[in-house]
Amino acid sequence: MNMTAGASLDDLLRQRHSCRAFHSRPVPREVQRSIFETAQRTASWCNSQAWQVAVASGDTVERFRSAMVEAAKSGKRDTDFPFPAEYTGLYLQRRRECGFQLYNAVGVERGDTAGYQQQTLENFRLFGAPHVAVLSSDPGLGVYGAVDVGGYVQVLLLAMQAHGVGAIPQAALASQSTLAKSLLGVPADRLMVCAISFGYEDESHPANSYRTSRAALSDVVSWVDD
């Protein structure tokens, strides 16, 4: 076992977090290419490599940002995959913990409905990121295609972290899937899984000041022996 490689991976995972405030400075195309080339090594079901990625920058990302904010304000949802029907128990607890950490960091008090709504819209503003990637799967591959895209997302996030690029995976943008796909030229029959906003992190912004917790290993892993 290569302990150095294991330690490096552990360090990347510990450092990586969802970035919610970015500088406007774009990530050079050669850096982007290196990141996406690394992510292309992701394992997939029967090596199907279900993912397709449309990356927006410059004026395109500004049009995308503006259109998505207006669509989100309408209150309507248009998704290719159903969102969770309900969060209960530990899942609800973890979701609330994450949400309240964010609200506390940016000064939104509990019960401030208008403040919650404004912070929610930041998702559709891409948190100010200069780039957004829309990730989709082939409809014929069903849930396994979506699982493959999820695996690709994790590798892509680690590749970005390794290159000093901040990122946030966003299901929220998939709530306007038809619009998102049309804005970036993604075929209408593709299934949008999520998007990733990315760029260089604004480390001074309070939205980037906290870190979420993780469950203990004993809470999630069981070893079944004879």
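The values are calculated or read from the model by the stated rules, or taken from the named source; none is laboratory data. Source: prediction; values computed, not measured. Using ideal geometry, Cβ is built from the backbone for each residue, glycine included, and neighbour counts are taken over all protein chains shown.
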Pull up the stretch 1-42, narrow it to residues that are basic (Lys, Arg) and in a loop (DSSP other than H, G, I, E, B), then point me to the one that is farthest from residue 164 (Cα to Cα).
41
Subset of the stretch 76-103, residues among the basic types (Lys, Arg) and under 13 Å from residue 175 (Cα atoms), comes to 76, 77
Residue 200, sole failed condition from (1) within 16 Å of residue 56 (Cα to Cα); (2) aromatic (Phe, Trp, Tyr); (3) without any contact (Cβ under 8 Å) to a residue 12 or more places away in the chain
(3)
Matching residues, the stretch 43-67, being among the β-branched types (Val, Ile, Thr) and either assigned to a strand (DSSP E or B) or over 22 Å from residue 176 (Cβ atoms) (or both):
53, 55
Just a yes or no: is a residue in the stretch 98-109 among the acidic types (Asp, Glu) and at pLDDT below 95?
yes
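Quick grid of which residues meet (1) under 18 Å from the mean Cα position of the chain (by Cα); (2) charged (D, E, K, R); (3) surrounded by 13 or more Cβ atoms within 10 Å (Cβ to Cβ):
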{"site": "10", "(1), (2), (3)": "no, yes, no"}
{"site": "17", "(1), (2), (3)": "yes, no, yes"}
{"site": "32", "(1), (2), (3)": "yes, no, yes"}
{"site": "58", "(1), (2), (3)": "no, no, no"}
{"site": "62", "(1), (2), (3)": "no, yes, yes"}
Exactly one of 167, 180, 129, 159 is under 26 Å from residue 8 (Cα atoms), among the hydrophobic types (A, V, I, L, M, F, W, C) and crowded, with 23+ Cβ neighbours inside 10 Å, and that one is 167
Hand me the list of strands (runs of 3 or more DSSP E) wholly inside the stretch 120-226 holding 2 or more residues that are closer than 24 Å to residue 5 by Cα.
166-170
Condition set of a type in the set (Gly, Ala, Ser) and in contact (Cβ under 8 Å) with a residue 60 or more places away in the chain, scope the stretch 66-75, selection farthest from residue 174 (Cα to Cα): answer is 67
Among the residues of the stretch 76-93, which ones are part of a loop (DSSP other than H, G, I, E, B), among the acidic types (Asp, Glu) and touching a residue at least 12 places away in the same chain (Cβ under 8 Å)?
80
Among the residues of the stretch 113-122, are any at pLDDT 95 or above, closer than 27 Å to residue 39 by Cα and surrounded by 12 or more Cβ atoms within 10 Å (Cβ to Cβ)?
yes
Quick one: would you say residue 53 is more than 26 Å from residue 139 (Cβ to Cβ) and among the hydrophobic types (A, V, I, L, M, F, W, C)?
no
